[in-house]
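Presented below is the structure to which this report refers.
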Amino acid sequence: MGSRGCSCWLLSLALLCSLAAAKEQYHEFVIRETTVKRQCKSQSIMTVNGQFPGPTLEIKEGDSLIINLINRGRYNVTLHWHGVRQMRTGWSDGPEYVTQCPVRPGQSYRYRFTVAAQEGTLWWHAHSSWLRATVYGALLIRPRDGTSYPFHVQPTRELAPILLGIACS
Ligand SMILES: *[C@@H]1O[C@H](CO)[C@@H](O)[C@H](O)[C@H]1NC(C)=O
């Protein structure tokens, strides 16, 4: 085997390793009405899994997400992964009547996409009517294993994401 065959073999090995490192995460996002208390007031709002703000998604660059949206609410809904470049997975982007029909009450929809070549703190939110006012959460994309943040000085600590929102009364 010449040196060319050898480098080719190394390349395939590197490719295999990077493929093995990428993970797939599955989450169930159940949309439902929940009573939440903020600033001494209780009100009924739409939530994901009863949480407000919704669940924080934490992945590494190169990972894939499968989100099974189950609509147990009273309204149509879709979810949008804000800032995620959908590479040949446009049907997972979420804007209602643009890339998909709204998910009706009692129905479900599976979003499936890979987050590649991007890192940072993004968020996800409902992309239908006013549901986006309460149905949202953080999406953290960390560098994949073996790589680091693209800064000269590496971060010394990490803070929990802060999401600002309004709950109208
Ligand atoms: C809900 O979505 C369906 C399509 O999935 C649509 O036909 C219907 O008109 C929508 N309902 C409302 C109230 O927007």
Correct response: the longest run of the chain lacking exposed trypsin sites (Lys or Arg not before Pro), defined by DSSP loop and at most 16 other Cβ within 10 Å, is 89-156
Longest principal axis of the chain (C-alpha) makes with the long axis of helix 3-21 (C-alpha) an angle, in degrees to the nearest 10, of 20 degrees
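How big is the charge dipole of the range 22-142 about its Cα centre, in debye rounded to the nearest 20, if each Lys and Arg gets +1 on its Cβ and each Asp and Glu gets -1 on its Cβ?
Dipole about the Cα centre, nearest 20: 360 debye.
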Which of Gln154, Gln43, Gln51 fluctuates most in a GNM of the chain (C-alpha springs under 10 Å)? That residue is Gln154
Over the chain, the sum of -39500 (n - 2.57) across DSSP H runs of at least four, divided by residue number and rounded to 500 deg cm²/dmol, gives at 222 nm -4000 deg cm²/dmol
Once Tyr26 and Lys41 are pulled to full extension, the length gained, defined as 0.36 nm per residue separation minus their Cα-Cα distance, is 2.0 nm
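Computed from the coordinates by the stated procedures, all read-outs in this text should not be read as laboratory data. Everything quoted here is computed from the prediction, not taken from an experiment. All Cβ positions, glycine included, derive from the backbone under ideal geometry; neighbour counts span all protein chains shown.
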